[in-house]
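The values are calculated or read from the model by the stated rules, or taken from the named source; none is laboratory data. Since we're looking at a predicted model, the values are computed, not measured. Cβ atoms come from the backbone with ideal geometry, glycine included; neighbour counts cover every protein chain shown.
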Amino acid sequence: MVIKMLPVTATDGGIRFTPDDLADVSTYPVLFTELARRGYSSTDLAKIARGNILRVMRGVESTAAKIEKKQK
């Protein structure tokens with residue numbers, strides 16, 4: 001299995017249901033524990049976590065740029 005990035009989101013993103021144990025970001029450790037149990041390596045888990053935070057930060061930067069452009 002090759003992992004580059006796996007988007008993980010705290011919003012519903014249009015999905016109709018979520019697992020009971022994954023109510024919000026405070027339960028991400030449950031998700032990563034389960035992924036490790038299923039055989040994901042520490043390297044893969046780091047890629048998933050890092051890829052997710054980079055995706056979030058790009059979104060933050062994009063939104064900030066749009067707000068700044070509107071204020072000019």
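Limited to segment 34-48, what total is found for residues that are in a helix (DSSP H, G or I) and either loosely packed, with under 10 Cβ neighbours inside 10 Å or aromatic (Phe, Trp, Tyr) (or both)? Of the residues in segment 34-48, 3 are in a helix (DSSP H, G or I) and either loosely packed, with under 10 Cβ neighbours inside 10 Å or aromatic (Phe, Trp, Tyr) (or both).
Can GLY51 be described as modelled with pLDDT of 90 or more and either over 14 Å from the mean Cα position of the chain (by Cα) or surrounded by 11 or more Cβ atoms within 10 Å (Cβ to Cβ) (or both)? No; evaluated as a whole, the condition is false for this residue.
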